[in-house]
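Down below is the structure, laid out as C-alpha coordinates.
The values are calculated or read from the model by the stated rules, or taken from the named source; none is laboratory data. Since the structure is predicted, the reported quantities are computational estimates derived from the model, not experimental observations. As a convention, Cβ positions derive from the backbone with ideal geometry for all residues, glycine included, and neighbour counts pool all protein chains shown. The protein model used for the area step is the full one, side chains on, heavy atoms only, and it has no ligands, DNA or RNA in it. Shrake-Rupley method; radii C 1.70, N 1.55, O 1.52, S 1.80 Å.
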Amino acid sequence: GSDWVWGSDPWTVDTWVYNDNQSTLTRLFSYIGAGPVYGLYCRPSGQFYYGGYSPALSLDGFDVDYADNTWTHLAWDYDGSGTARSYANGVVQKTQTGISGSGTDASATFRIGNASTSSQYYIGYMDEIRVSKGIARYEGAFTPPTEGYGVTSTNAAGSYTSTTETASATVSEM
(Lines give C-alpha, C1' and ligand atoms only; values in the text may rest on other atoms or scores of the structure.)
Protein backbone atom coordinates (compact mmCIF):
# COMPACT_ATOMS: atom_id res chain seq x y z
CA GLY A 1 0.00 0.00 0.00
CA SER A 2 0.90 3.67 0.09
CA ASP A 3 2.76 3.31 3.40
CA TRP A 4 5.58 1.66 1.45
CA VAL A 5 5.69 4.31 -1.29
CA TRP A 6 8.76 6.25 -0.26
CA GLY A 7 8.76 8.59 -3.25
CA SER A 8 11.74 10.93 -3.30
CA ASP A 9 11.57 11.61 0.46
CA PRO A 10 14.29 10.48 2.90
CA TRP A 11 14.22 6.92 4.26
CA THR A 12 16.27 4.50 6.36
CA VAL A 13 16.27 0.71 6.63
CA ASP A 14 18.32 -0.94 9.37
CA THR A 15 18.51 -4.24 11.23
CA TRP A 16 20.74 -6.61 13.16
CA VAL A 17 21.41 -9.96 11.45
CA TYR A 18 23.03 -13.22 12.55
CA ASN A 19 23.76 -15.68 9.75
CA ASP A 20 23.53 -19.39 10.34
CA ASN A 21 25.88 -20.86 7.70
CA GLN A 22 24.25 -19.77 4.44
CA SER A 23 24.46 -22.43 1.74
CA THR A 24 22.31 -20.74 -0.93
CA LEU A 25 21.40 -17.21 -1.99
CA THR A 26 18.81 -15.87 0.48
CA ARG A 27 17.02 -12.57 1.03
CA LEU A 28 16.75 -10.66 4.26
CA PHE A 29 14.16 -8.36 2.71
CA SER A 30 12.76 -7.51 -0.68
CA TYR A 31 10.46 -4.88 -2.15
CA ILE A 32 9.23 -6.07 -5.51
CA GLY A 33 6.56 -4.37 -7.59
CA ALA A 34 5.73 -3.60 -11.20
CA GLY A 35 8.50 -0.99 -11.33
CA PRO A 36 10.89 -0.96 -8.40
CA VAL A 37 12.83 -3.93 -7.14
CA TYR A 38 15.01 -3.61 -4.02
CA GLY A 39 16.49 -6.27 -1.83
CA LEU A 40 19.12 -7.30 0.64
CA TYR A 41 20.63 -10.64 -0.28
CA CYS A 42 22.91 -12.92 1.66
CA ARG A 43 25.33 -14.78 -0.59
CA PRO A 44 26.78 -18.16 0.43
CA SER A 45 30.21 -16.82 -0.59
CA GLY A 46 30.16 -14.57 2.48
CA GLN A 47 28.72 -11.21 1.41
CA PHE A 48 25.60 -9.22 2.06
CA TYR A 49 24.51 -7.63 -1.19
CA TYR A 50 22.07 -4.74 -1.48
CA GLY A 51 20.77 -3.68 -4.85
CA GLY A 52 17.78 -1.97 -6.35
CA TYR A 53 16.34 -0.36 -9.42
CA SER A 54 13.17 1.16 -10.75
CA PRO A 55 12.33 3.01 -13.94
CA ALA A 56 12.82 6.30 -12.06
CA LEU A 57 15.43 5.51 -9.40
CA SER A 58 18.54 3.35 -9.37
CA LEU A 59 20.67 2.47 -6.36
CA ASP A 60 24.05 0.88 -6.94
CA GLY A 61 24.63 -2.46 -5.29
CA PHE A 62 27.29 -3.09 -2.66
CA ASP A 63 28.94 -6.10 -1.11
CA VAL A 64 29.83 -6.37 2.58
CA ASP A 65 31.74 -9.39 3.86
CA TYR A 66 30.22 -11.17 6.82
CA ALA A 67 31.15 -13.96 9.19
CA ASP A 68 28.67 -16.69 10.04
CA ASN A 69 27.45 -16.92 13.63
CA THR A 70 28.18 -13.25 14.34
CA TRP A 71 25.74 -10.37 14.84
CA THR A 72 26.14 -7.60 12.23
CA HIS A 73 24.27 -4.28 12.08
CA LEU A 74 23.29 -3.28 8.53
CA ALA A 75 21.73 0.02 7.44
CA TRP A 76 20.87 2.06 4.34
CA ASP A 77 19.64 5.60 4.13
CA TYR A 78 18.64 8.09 1.47
CA ASP A 79 18.66 11.80 2.30
CA GLY A 80 15.96 12.90 -0.17
CA SER A 81 18.47 15.17 -1.90
CA GLY A 82 20.24 12.65 -4.09
CA THR A 83 22.61 10.80 -1.73
CA ALA A 84 22.27 7.22 -0.47
CA ARG A 85 24.62 5.35 1.86
CA SER A 86 25.08 1.77 3.02
CA TYR A 87 26.59 0.77 6.37
CA ALA A 88 27.92 -2.30 8.15
CA ASN A 89 28.41 -1.97 11.91
CA GLY A 90 28.16 1.81 11.58
CA VAL A 91 30.91 2.14 8.97
CA VAL A 92 29.96 3.65 5.60
CA GLN A 93 30.42 0.98 2.92
CA LYS A 94 29.28 2.93 -0.11
CA THR A 95 27.97 6.40 -0.91
CA GLN A 96 26.06 7.09 -4.10
CA THR A 97 25.31 10.65 -5.19
CA GLY A 98 23.33 12.20 -8.02
CA ILE A 99 20.23 10.05 -7.47
CA SER A 100 17.03 11.57 -8.83
CA GLY A 101 13.48 10.38 -9.28
CA SER A 102 11.57 8.16 -6.91
CA GLY A 103 11.04 4.50 -6.15
CA THR A 104 7.27 4.34 -6.05
CA ASP A 105 4.84 1.49 -6.65
CA ALA A 106 1.82 1.27 -4.37
CA SER A 107 1.21 -2.30 -5.48
CA ALA A 108 4.63 -3.55 -4.32
CA THR A 109 4.97 -5.90 -1.35
CA PHE A 110 7.67 -5.43 1.27
CA ARG A 111 8.78 -8.89 2.42
CA ILE A 112 11.06 -9.84 5.29
CA GLY A 113 12.96 -13.12 5.16
CA ASN A 114 12.23 -14.16 1.56
CA ALA A 115 11.59 -13.09 -2.02
CA SER A 116 8.21 -12.60 -3.64
CA THR A 117 8.45 -16.03 -5.24
CA SER A 118 8.32 -17.80 -1.85
CA SER A 119 11.93 -18.78 -2.25
CA GLN A 120 15.31 -17.60 -1.06
CA TYR A 121 14.33 -17.92 2.60
CA TYR A 122 16.82 -16.32 4.97
CA ILE A 123 18.62 -18.73 7.31
CA GLY A 124 19.56 -16.97 10.52
CA TYR A 125 18.23 -14.39 12.92
CA MET A 126 17.08 -10.80 12.49
CA ASP A 127 16.49 -8.36 15.32
CA GLU A 128 15.31 -4.76 15.55
CA ILE A 129 14.13 -4.48 11.95
CA ARG A 130 13.32 -0.82 11.36
CA VAL A 131 12.00 0.86 8.22
CA SER A 132 11.78 4.65 8.56
CA LYS A 133 9.92 6.75 6.02
CA GLY A 134 10.67 10.48 5.97
CA ILE A 135 14.05 10.43 7.78
CA ALA A 136 17.64 9.57 6.91
CA ARG A 137 18.78 8.54 10.38
CA TYR A 138 22.54 8.33 9.93
CA GLU A 139 23.97 10.26 6.94
CA GLY A 140 27.51 9.23 7.96
CA ALA A 141 29.41 6.88 10.27
CA PHE A 142 27.66 6.06 13.57
CA THR A 143 27.76 3.71 16.53
CA PRO A 144 25.08 1.03 16.11
CA PRO A 145 22.45 0.97 18.86
CA THR A 146 22.99 -1.60 21.61
CA GLU A 147 19.46 -1.38 23.03
CA GLY A 148 16.09 -1.79 21.38
CA TYR A 149 14.94 1.13 19.23
CA GLY A 150 13.03 3.64 21.30
CA VAL A 151 14.14 2.14 24.62
CA THR A 152 15.23 4.57 27.28
CA SER A 153 16.38 3.55 30.70
CA THR A 154 16.67 5.64 33.80
CA ASN A 155 17.90 4.86 37.27
CA ALA A 156 15.82 5.75 40.29
CA ALA A 157 17.48 7.43 43.23
CA GLY A 158 17.29 5.73 46.60
CA SER A 159 16.05 2.25 47.47
CA TYR A 160 12.76 0.45 47.05
CA THR A 161 11.68 -2.31 49.38
CA SER A 162 8.86 -4.56 48.25
CA THR A 163 6.15 -5.21 50.81
CA THR A 164 3.99 -7.33 48.52
CA GLU A 165 6.47 -10.18 48.03
CA THR A 166 6.26 -13.25 50.25
CA ALA A 167 9.99 -12.84 50.83
CA SER A 168 11.65 -9.48 51.39
CA ALA A 169 13.28 -7.95 48.33
CA THR A 170 15.31 -4.76 48.08
CA VAL A 171 16.18 -3.06 44.77
CA SER A 172 18.82 -0.36 44.64
CA GLU A 173 18.36 0.54 40.93
CA MET A 174 15.19 0.70 38.88
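Tally the residues that are over 17 Å from the mean Cα position of the chain (by Cα) and buried (at least 17 other Cβ atoms within 10 Å of the Cβ), restricting the search to segment 81-99. Spell out how you get there, then give the answer.
Taking segment 81-99 first, the residues over 17 Å from the mean Cα position of the chain (by Cα) are 81-83, 96-99.
In the following step, the residues that additionally are buried (at least 17 other Cβ atoms within 10 Å of the Cβ) were identified as 99.
Selection size over segment 81-99: 1.
Are any residues in segment 1-34 modelled with pLDDT of 70 or more and among the polar types (S, T, N, Q), and if so, which ones?
Those that are modelled with pLDDT of 70 or more and among the polar types (S, T, N, Q): 8, 12, 15, 19, 21, 22, 23, 24, 26, 30.
Test residue 137 against the criterion of being open to solvent by 80 Å² or more (accessible area, probe 1.4 Å), of a type in the set (Lys, Arg) and either at pLDDT below 85 or out of contact with any Pro (no Cβ under 6 Å at 6 or more places or on another chain) (or both), and give yes or no. Even if it seems obvious, please write down each step before you answer.
Values: open to solvent by 80 Å² or more (accessible area, probe 1.4 Å): yes; of a type in the set (Lys, Arg): yes; either at pLDDT below 85 or out of contact with any Pro (no Cβ under 6 Å at 6 or more places or on another chain) (or both): yes.
When the stated conditions are applied, residue 137 passes them.
Given 103, 158, 113, which one is modelled with pLDDT under 85 and closer than 19 Å to residue 11 by Cα? So that I can check it myself, show each step before the final result.
Details: 158 fails: closer than 19 Å to residue 11 by Cα; 113 fails: closer than 19 Å to residue 11 by Cα.
After applying the criteria, what remains is 103.
Please find, among 91, 131, 37, 64, the residue that is under 24 Å from residue 19 (Cα atoms), among the aliphatic types (A, V, I, L, M) and at pLDDT 90 or above. Full working, then the answer.
Numbers: 131 fails: at pLDDT 90 or above; 37 fails: at pLDDT 90 or above; 64 fails: at pLDDT 90 or above.
Unique residue meeting the criteria: 91.
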